[in-house]
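Undergrad: Would you mind keeping the following structure in view while I ask a few things?
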Amino acid sequence: MLSSLSHPPQPLENNIFPVLAHLVEYTILGILLYTSLHSTLDIDPKKILFLAFLFSSFYGLTDELHQFFVPGRHCSLLDLVVDVLGSFIGASLSFLKSKSNPGSSRS
């Protein structure tokens, strides 16, 4: 996992790439969590949206805290905010898709 490396590869240092990478990663995580919870739990989709957002945001928090203890890395409030935003976007997109296609996720 790249977050455990002291000096992870930085293909495009000092630009927007790391922020966009966090946004995309956590958007995907939010989508995957919502989809898996929606296909396994028989509860209100709004609760699933909240759980997917909560779990993926919590993962972002633990990742940032973990980086505090890795030499050469630092935890960043900006990264955490972007992680939470990506989590929200991903879970929300999945929620909206499931509302427009009811029953398609459950078999």
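Undergrad: Somewhere in region 67-76, is a residue at pLDDT below 95 and among the polar types (S, T, N, Q)?
TA: yes
Undergrad: Here's something else I'd like to know. Out of all the residues in region 15-36, which are buried (at least 21 other Cβ atoms within 10 Å of the Cβ) and of a type in the set (A, V, I, L, M)?
TA: Listed by number, the residues that qualify are LEU29, ILE31, LEU33.
Undergrad: What are the pairs with Cβ atoms under 6 angstrom where one residue, in region 18-35, is free of Cβ contacts under 8 Å to residues at least 60 places away in the same chain and the other, located anywhere, is in a helix (DSSP H, G or I)? Sequence gap at least six, or different chains.
TA: Correct list of pairs: LEU33/ALA52; LEU33/PHE55; LEU33/SER56.
Undergrad: Being surrounded by fewer than 20 Cβ atoms within 10 Å (Cβ to Cβ), in contact (Cβ under 8 Å) with a residue 40 or more places away in the chain and assigned to a helix (DSSP H, G or I) is true for just one of LYS46, LYS97. Which residue is that?
TA: Answer to the check: LYS46.
Undergrad: Restricting to region 17-43, name every residue that is modelled with pLDDT of 95 or more, of a type in the set (Phe, Trp, Tyr) and closer than 24 Å to SER76 by Cα.
TA: TYR26
The values are calculated or read from the model by the stated rules, or taken from the named source; none is laboratory data. If you're wondering where the values come from, they're calculated on a predicted model, not measured in any experiment. With ideal geometry, Cβ positions are generated from the backbone for all residues, glycine too; neighbour counts draw on all protein chains shown.
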